[in-house]
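Have a look at the structure below before the remarks.
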Amino acid sequence: MATTDTAPATSGAAPDGRTRTRVTRRRAQTRARLLEAAFAVFADKGFGWVSIEELCDAAGYTRGAFYSNFGSLEELFFALYEERAELIAAQVTHALAQEPTGLDLEPAVERVTAALLLEREWLLVKTDFLVHAARDPRVADALLEHRRRLRETIAQRLAVLAEARRLPAVLGDADSAAHAVIAAYDGVTTQLLLDRDVEHARAWLRQLLLTLLSPDTADR
């Protein structure tokens with residue numbers, strides 16, 4: 001049976017702190033369940049092929065619960081993308097921050113490729129989002145901002161690496177190298193969408209990053 005996240009009536013009195021806390025907690029739980037259900041139905045059917053009613057049925061809520069948290073499916077879709085994009089950025093940041101005094105390339109690449117979220121269902125949702133953003137400049141700007149923050153995180157750590165061992169000249173500066181790292185990730189995850197082989201994707205990404213970031217052969 002579908003439920004709502006509407007608080008029970010309190011005989012006209014203003015809710016006390018405990019009631020507000022319960023309402024806030026319930027709303028957070030409702031939002032989390034809607035996002036979880038959205039992830040499943042978008043991965044299964046694709047954004048643009050899912051109705052609000054289908055999403056509410058999957059989450060076990062009414063349309064009222066949906067609209068108390070999101071103004072539209074697009075708003076929910078973007079919230080879902082933000083949630084996953086921030087998770088990936090946090091994974092990369094954590095993996096690269098474990099050597100505060102420097103950056104040893106091979107262990108760092110190993111940590112990053114082991115930690116990265118390589119989940120085919122997420123890649124399906126992400127691909128839908130990329131296509132949607134390509135047709136909507138407003139959404140594209142928001143997506144580019146997420147990618148910029150991730151690229152800056154990677155560039156900062158690559159700059160530390162460059163102090164100890166020169167990056168390949170063809171990559172240019174640390175920011176350009178970060179662009180190349182993200183391009184390698186995008187390419188590997190595209191292949192993963194087709195062959196569904198997660199372990200091969202991790203191994204191939206590891207090999208690509210090590211080759212990409214190792215100094216030029218002539219400089220060794």
Hey, if we sort Val131, Val109 by accessible area with the 1.4 Å probe, largest down, what's the order? Val131, Val109
Give me the net charge for the shell around Ala114: Cβ to Cβ below 10 angstrom, other residues only, Lys and Arg +1, Asp and Glu -1. +2
Over the range 149-189, consider all pairs of different Cα atoms and compute the Kirkwood hydrodynamic radius from their mean reciprocal separation; express it in Å, one decimal. 10.3
What residues qualify as long-range amide H neighbours of Tyr61, i.e. H under 5 Å apart, gap of 5 or more or another chain, H built at 1.01 Å from N? Thr3
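The values are calculated or read from the model by the stated rules, or taken from the named source; none is laboratory data. From a predicted model like this one, the values you see are computed outputs, not experimental measurements. In this analysis, Cβ positions are derived from the backbone assuming ideal geometry, glycine residues included, and neighbour counts consider all displayed protein chains. With ligands, DNA and RNA removed, areas are computed over all heavy atoms of the protein, side chains included. Shrake-Rupley method; radii C 1.70, N 1.55, O 1.52, S 1.80 Å.
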